[in-house]
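The structure under discussion appears below in the form of structure tokens.
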Amino acid sequence: TFLGGTFYSIDMLPPFWQAVTLANPVVYLVSGFRWSFYGISDVSPLVSLAMILLFLGAAIALVAWIFRTG
């Protein structure tokens with residue numbers, strides 16, 4: 001949550017932590033909500049949507065694998 005950009009813009013972070021933050025799926029959710037309310041986001045809305053769908057697909061694939069292997 002703290003590196004998710006919930007309470008601040010990720011542009012305020014040093015470059016290293018900005019790169020680390022982009023691996024966090026919460027960043028894309030927060031950025032999408034921020035764009036839908038204010039029209040401003042840290043990440044492009046299309047990139048946010050694509051990344052959310054990518055993380056969702058990975059989570060569903062992991063759950064399906066867990067169910068298959070018992």
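The values are calculated or read from the model by the stated rules, or taken from the named source; none is laboratory data. Since the structure is predicted, the reported quantities are computational estimates derived from the model, not experimental observations. Here the Cβ is made from the backbone with ideal geometry for all residues, glycine too, and neighbour counts use every protein chain on show. These area figures cover heavy atoms from the full protein model, side chains too; ligands, DNA and RNA do not enter into them. Shrake-Rupley method; radii C 1.70, N 1.55, O 1.52, S 1.80 Å.
Points to keep in mind about this one:
- Carbon plus sulfur fraction of accessible area for the range 11-69, probe 1.4 Å, in percent: 79 percent
- Taking the range 11-69 and dividing mean pair separation by its residue count, relative contact order in percent (alpha carbons under 8 Å, at least six apart): 28 percent
- Structure-based [θ]222 nm, the chain - -39500 (n - 2.57) summed over DSSP H runs of at least 4, per residue, nearest 500: -21500 deg cm²/dmol
- Helix 25-38 axis versus longest C-alpha principal axis of the chain: approximately 50°, rounded to the nearest ten.
- Zone residues, the range 25-45, relative to residue 58, backbone N less than 18 Å from point 7 Å out along Cα-to-Cβ: 25-32, 43-44
- Helix 45-69 axis, angle to the chain major axis (alpha carbon atoms, nearest 10°): 20 degrees
- Taking label positions 7 Å along the Cα-Cβ direction at both residue 68 and residue 19, the computed distance is 3.4 nm, reported to one decimal.
- Computing Cα Rg over 2.2 N^0.38 Å for the structure here picks out one of (i) 1.19; (ii) 1.36; (iii) 1.27, namely (iii).
- Rolling a 1.4 Å probe over the heavy atoms of the protein chains gives the chain an accessible area of 73 Å² per residue.
- Under a Gaussian network description of the chain, with springs only between Cα atoms under 10 Å, the residue in 23, 58, 50 that fluctuates furthest is 58.
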